[in-house]
1. Using a 7 Å offset from the Cα along the Cα-to-Cβ direction at both SER59 and ASN336, what is the distance between the two label points in nm, to one decimal?
2. Arranged from highest to lowest average of other beta-carbon atoms within 10 Å per residue, in what order do the peptides 136-145, 224-233 appear?
3. Tell me which residues come under 5 Å, amide H to amide H, from THR128 once H is placed; ignore anything under 5 positions away on its chain.
4. What is the gain in length, in nm to one decimal, between ASP301 and GLU78 on full extension, counting 0.36 nm per residue of separation less the C-alpha to C-alpha distance?
5. In the range 2-171, if every C-alpha pair distance is counted and binned at 10 Å from zero, what percent goes to each bin?
6. Given H placed 1.01 Å from N in the peptide plane, which residues other than close sequence neighbours of ALA161 have an amide H under 5 Å from its amide H?
7. Rounded to whole Å and sorted largest first, what semi-axes of the equivalent ellipsoid does the C-alpha gyration tensor of the range 177-357 yield via the square root of 5 times each eigenvalue?
8. Which FRET efficiency value, to the nearest 0.05, do you get for VAL349 and SER230 by plugging their Cβ-Cβ distance into 1/(1 + (r/R0)^6) with R0 = 25 Å?
Amino acid sequence: MRRIVEVPVDGRSYSIHIGTGLLQDTCLWQSLIGNAQVFVISDDQVAGHWLPAVQQMLSAVDYEHYIMPAGEQHKSLEQFSRIMDRMMAGKRRRNGVVIALGGGVVGDLAGFVAATYQRGCAIIQVPTTLLAMVDSSVGGKTAINHPAGKNMIGAFHHPRAVIADLQTLTTLPAREFAAGMAEVIKYAVIKDREFLPWLEQHREALIRREPQVLMDAVARSCENKANIVSRDPTEQGERALLNLGHTFGHAIETELGYGSWLHGEAVATGIILACKLAERLGRLPDDSFRCRLQSLFNAFDLPVALPDDIDLTRLIEHMKLDKKNQRDEIRFVLPNANGDSDIVDGVPVAAVLDALQQRD
């Protein structure tokens, strides 16, 4: 049981392999790695579950691994420097391959390592969280965090391939799985409103993590992202739509401290805030669409409101540092009444503050 989604970008194409048992697929690994040097980056939560399977596939090659602490707060310059030290000490060559085995934190950090080590080497993304499978492992965005803002230091570096083995989701904590569902639901708001009733219809099967339904959801999400990334690989225009909920969400993560809320939790609340802002600007006629999304987020125990004690003025200041901004204006991705979303500039700060203050 497997699916392949192609991502055509920069004059080439790479494959997202989605299925079960992919970590044990010798032919797949051999086709992607050959006899190259391999450097695996994982974290201390994932490695115990899935590193042995990867090690078995790499038994015939020159292989080394690095285990970092789990958590968004470790997607840092400090960890980046430690990994670079290890790779240089191990005399890793630029024609080798980095493997990112983990969630979005590992994938982003390992991707940035691969983008910059000796001016760039290949990377294979092996996402082990739902969020990483449907979002961060696809599209070539790599980054580390800075105290002033999330993902402020990074580069575009597309992978050689993505291997999304659904078996890895069996060990994923419920909170992490729910965070991934926020990114899945996001695609139903950007350009695929027909996806929304499908998600509502299959919510219980998704909660139970039924393999076939999971594979359908992951594949459809990846297809949505691949379509946009192929047209705008370095986010010069349309690709910014994929940041729906992220202008609010990244500000929430920065203000609360990296790791306090999971990325998907912040995105879920960010999408609801984007709906509130769209309502205030007349882009949505009423709150019916927002209520529908809130119900779906609630089914996965995702937050849909800000903490009561959060500083709204500081949130807006964080949003002013968002990478999508042009000039001094905050750029938002907002849903509309036509069934998709738009990139919107020039939103009055008063309207943003109004949306943040609404507590219904």
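1. 5.7
2. Per-residue mean Cβ counts within 10 Å order the peptides as 136-145, 224-233.
3. GLY102, GLY103
4. That pair, ASP301 and GLU78, stretches by 77.0 nm at full extension.
5. Per 10 Å bin, starting at zero, the Cα-Cα P(r) for the range 2-171 comes out as 11, 44, 38, 8, 0 percent.
6. For ALA161, the qualifying residues are GLN125.
7. 25, 19, 16
8. E between VAL349 and SER230, to the nearest 0.05, is 0.10.
Read-outs: derived from the displayed coordinates by stated rules, not from any lab. What you see is a predicted model, and the numbers here were worked out from it, not measured in a lab. Cβ atoms come from the backbone with ideal geometry, glycine included; neighbour counts cover every protein chain shown.
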